[in-house]
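What follows is a set of notes on a single structure, which appears directly below.
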Amino acid sequence: MKLAVLISGRGSNLEALIKATSEPDYPAEICLVVSNRGDAGGLKIATAAGIETAVIKPKDFESREEFEEALNVRIQDSGAQLICLAGFMWLLGESFSHGWRDRLLNIHPSLLPAFKGLHVQAQAVEMGVRFSGCTVHFVRPELDDGPIIVQAVVPVLPGDDTETLSARILEQEHRIYPMAVRWIAEGRVRVSGERVLIDGANPPDQVLVSPAVA
Ligand code: GRF
């Protein structure tokens with residue numbers, strides 16, 4: 001299965017996907033990395049791995065719709081069958097997300113539906129939650145919404161600040177994103193209503209507890 005990965009920044013999740021897809025038995029490969037910012041660090045990571053990159057900036061278009069259509073055309077041309085948003089700082093509209101319905105994934109650093117939006121690790125620390133984590137989900141037009149494929153849970157420890165909690169969550173992001181993509185590429189994932197069913201996976205496989213808690 002061919003993947004397009006959309007980024008805006010550092011690209012550590014992209015790096016995790018590159019690492020996974022370079023394993024000989026992995027059932028997917030990255031055919032394109034697109035950034036909506038020219039200075040995204042992830043572009044260098046993609047280039048170093050020999051992956052084709054494109055920079056498509058919203059400000060070069062008259063409207064959101066035109067930007068998203070250019071993005072769509074570029075991705076279609078690459079032959080991608082699945083899109084992974086990996087720190088892509090842009091809320092894709094209805095037309096784009098409907099066109100890629102159930103073929104468009106996102107990773108978010110909280111246990112959705114808790115803590116949508118930005119700075120969610122800081123919010124988790126401020127709210128004093130005992131557990132947080134990350135979620136890979138199919139994208140719907142509303143922010144950080146859509147059927148959940150896999151989540152990983154981490155503890156929020158008494159001395160945590162945003163940085164320490166973010167690092168603990170990020171480690172799990174790098175673990176579960178390649179896992180979700182693998183399940184999809186193996187043809188094991190179905191969306192039923194707003195729930196995701198994974199053939200051959202038991203519920204515990206889909207709610208992974210980090211080694212720190214297990
Ligand atoms: C990650 O925390 C991801 O969950 C969120 O944006 C961040 C991107 O980080 N959507 P990176 O660019 O993959 O390092």
What's the magnitude of the charge dipole for the chain around its Cα centre, counting Lys and Arg as +1 and Asp and Glu as -1 at the beta-carbon? Answer in Debye, nearest 20. 240 debye
Which aspartates and glutamates have a Cα lying under 17 Å from the Cα of Lys2, excluding residues fewer than 8 positions away in the same chain? Glu15, Glu23, Asp25, Glu29, Glu52, Asp77, Asp102, Glu186
Sequence order, the stretch 94-105: Karplus ³J(HN,Hα) from phi using 6.51 cos²θ - 1.76 cosθ + 1.60, θ = phi - 60°, Hz rounded, Gly and Pro as x, gives 4, 4, 5, 6, 5, x, 10, 3, 6, 10, 10, 10
Along the charge dipole of the chain, Cβ charges K/R +1 and D/E -1, which of Met179, Ala201, Ile45 sits furthest on the positive end? Ala201
Order 20-29, 5-14, 123-132 from most to least packed using the mean count of other Cβ atoms within 10 Å. 5-14, 123-132, 20-29
Around Leu6, which amide H atoms from residues at least 5 apart in sequence, or from another chain, sit under 5 Å from its own amide H, with H modelled in the peptide plane? Val34, Cys84, Leu85, Ala86
For Phe131, what residues show an amide H to amide H distance below 5 Å, using hydrogens built from the backbone and excluding near sequence neighbours? Val156
With no solvent and one equal point scatterer placed on each C-alpha of the stretch 1-113, evaluate the Debye formula and give log10 I(q)/I(0) for q = 0.19 Å⁻¹, two decimals. -1.00
Quote the relative contact order of the stretch 1-140 in percent (integer), defining contacts as alpha-carbon pairs under 8 Å separated by 6+ residues. 25 percent
So what are the ³J(HN,Hα) numbers for the stretch 33-48, from phi and the Karplus equation (6.51, -1.76, 1.60; θ = phi - 60°), rounded to whole Hz, Gly and Pro as x? 10, 10, 10, 8, 9, x, 9, 5, x, x, 4, 5, 4, 5, 4, 4
Of Thr53, Thr135, Thr164, the most mobile residue in a GNM of the chain (C-alpha springs, cutoff 10 Å) is Thr164
How long is the gain from Leu197 to Met89 if the chain were fully straight, where each residue apart is worth 0.36 nm and the alpha carbon distance is subtracted? 36.1 nm
May I have the convex hull volume per residue, in Å³, for the Cα set of the stretch 72-214? 112 Å³
Give a residue-ordered list of calculated ³J(HN,Hα) values for the stretch 8-22 (Karplus: 6.51 cos²θ - 1.76 cosθ + 1.60, θ = phi - 60°; whole Hz; x for Gly, Pro). 9, x, 3, x, 6, 5, 4, 4, 5, 5, 4, 4, 5, 5, 7
Name the residues whose placed amide hydrogens come within less than 5 Å of the amide hydrogen of Ser110, ignoring near sequence neighbours (fewer than 5 apart) on the same chain. Thr135
Using DSSP, restrict attention to beta bridges with both residues in the chain and report what percent are antiparallel, rounded to the nearest 5. 45 percent
Under 8 Å for C-alpha pairs, at least 6 residues apart: give me the relative contact order for the stretch 123-196, rounded to a whole percent. 32 percent
Note to self: Kirkwood Rh of the stretch 72-139, Cα pairs, one decimal, Å, is 13.5 Å
Helix-only [θ]222 nm of the chain, DSSP H runs n ≥ 4, -39500 (n - 2.57) each, per residue, nearest 500: -10500 deg cm²/dmol
Select from Phe67, Phe131, Phe96 the residue farthest towards the positive end of the dipole of the chain; place +1 on Cβ of Lys and Arg, -1 on Cβ of Asp and Glu, and compute about the Cα centre. Phe131
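Bear in mind these aren't lab numbers, they're just calculated from the coordinates by the rules spelled out. Everything numeric in this text was worked out from a predicted model, so none of it was measured. Cβ coordinates were reconstructed from backbone atoms using ideal geometry, including for glycine residues, and neighbour counts include every protein chain displayed.
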